[in-house]
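Working notes, structure below.
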Amino acid sequence: MNITKLTSVKTICNSYLIEEDGFVVIIDPGQDGVVEAEIDSKGYQPEYILLTHEHFDHVQDLEAVREKYGVPVIASRTCSERLGDPRTNLSIIEDILSYYKTGVVSEEKSPRFVCREAEITYEGEYDLVWRGHSFTFIEAPGHSPGCVLITLDGEYCFTGDYMLSNEEPTLRLRGGNEADYRNITVPILEMIPDGTKICPGHGVSYTKGHETEAE
Ligand SMILES: [Zn+2]
């Protein structure tokens, strides 16, 4: 198994490809065509798209990728429902968010967009066995209502906008909820064992318990 991290230029959002025998699972198709470019250059065959949450930077290429390869999308029911509205996927405020982050007014206006609902949805927890590997999904609201944590083989955790290296999660965007974060998600994050490889939606990957050695 190989895991490749691909980073979108515009919002520095990480997408991941998990590859086994030329087949891949995509986590968060991101932006800027980075996922398609990698899949096509390697000749990979996609089988699933998994989503950590509904925000535009993680799903802008979702429709293009699912159309092109004809693969099902797996997302929490809440995430799935919120993909279809620019106010809940936040594409309506992309330029404002980027202005606050960078202080630069973007020359090109970013498009508002919507995505169709996921083919496979779940509430609470969900398990997927894929080519000898096991994915576990668990809902973790706070940053947004549709957030989940995705564990692979008990060894890797794809955390979306949680557990970014040296950064507290943003809880103030539309749909953010500090009480949900403290009451539901923090206890789940605390249960992730030391030694787990943390693969966040932005920034560097690192091993839990060895944060100072982040690469
Ligand atoms: Zn987000």
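Bear in mind these aren't lab numbers, they're just calculated from the coordinates by the rules spelled out. No experiment lies behind these values; they were computed from the predicted model shown. Please note: Cβ atoms are built from the backbone with ideal geometry, for glycine as well, and neighbour counts cover all protein chains shown.
Identify all lysines with a Cα-Cα distance to Lys10 below 18 Å; exclude those on the same chain that are fewer than 8 residues away in sequence.
Of all the lysines, those that pass the test against Lys10 - Cα under 18 Å, at least 8 places apart if same chain - are Lys101, Lys109.
Using 0.36 nm per residue of separation minus the Cα-Cα distance, give me the extension gain between Arg77 and Thr212 in nm, one decimal.
Details: separation 135, 0.36 × 135 = 48.60 nm, distance 3.57 nm.
Separation in residues times 0.36 nm, less the Cα-Cα distance, equals 45.0 nm.
Looking at the square roots a ≥ b ≥ c of the eigenvalues of the Cα gyration tensor of the chain, which shape do they give, rounded for a/c under 1.5, prolate if a/b is larger than b/c, or oblate?
Details: a/c = 1.30, a/b = 1.06, b/c = 1.23.
Because its axes are fairly even, with a/c under 1.5, the chain counts as rounded.
Please work out the C-alpha center-to-center distance from segment 171-215 to segment 70-93 and express it in whole Å.
About 21 Å separates the Cα centre of segment 171-215 from the one of segment 70-93.
Between segment 139-160 and segment 6-27, how many Å separate their Cα centres?
16
Tell me the chymotrypsin sites (Phe, Trp or Tyr not before Pro) within segment 1-98 that lie in a loop according to DSSP and have at most 12 other beta-carbon atoms within 10 Å. Present the calculation step by step, with values, prior to reporting the outcome.
Details: sites: Tyr16, Phe23, Tyr44, Tyr48, Phe56, Tyr69; in loops: Tyr44.
Passing sites in segment 1-98 do not exist.
Return a whole-number percent for the relative contact order of the chain, with Cα pairs under 8 Å and 6 or more residues apart as the contact set. Write out the running numbers ahead of the final one.
Details: 462 pairs, mean separation 32.0, N = 215.
Dividing the mean separation by the residue count of the chain yields 15 percent.
For the residue pair Glu119 and Asp85, what label-to-label distance in nm results when each label sits 7 Å from Cα along the Cα-to-beta-carbon direction?
Between Glu119 and Asp85, the simple spin-label model gives 2.6 nm.
With springs only between Cα atoms under 10 Å apart, run a GNM on the chain and tell me which of Ser98, Ser110, Ser41 wobbles the most.
Between Ser98, Ser110, Ser41, it is Ser41 that shows the largest mean-square fluctuation.
Compute the length gained on full extension between Thr7 and Asp40: take 0.36 nm times their separation in residues and subtract their Cα-Cα distance, giving the result in nm to one decimal.
Details: separation 33, 0.36 × 33 = 11.88 nm, distance 1.62 nm.
Once the chain is fully extended between Thr7 and Asp40, it gains 10.3 nm.
Loop only per DSSP, at most 11 neighbouring Cβ atoms within 10 Å: give me the GluC sites (Glu not before Pro) in segment 54-114, ordered by residue number. Display every interim value, and only then the final one.
Working: sites: Glu54, Glu63, Glu67, Glu81, Glu94, Glu107, Glu108; in loops: Glu54, Glu107, Glu108.
Listed in order of number, the matching sites are Glu107, Glu108.
Using only the Cα atoms of segment 1-128, build the gyration tensor, take square roots of its eigenvalues as a ≥ b ≥ c, and label the shape rounded, prolate or oblate: rounded if a/c is under 1.5, else prolate if a/b is larger than b/c, else oblate. Before the final figure, lay out each step's value.
On the way: a/c = 2.08, a/b = 1.32, b/c = 1.57.
Cα axes put segment 1-128 in the oblate bin.
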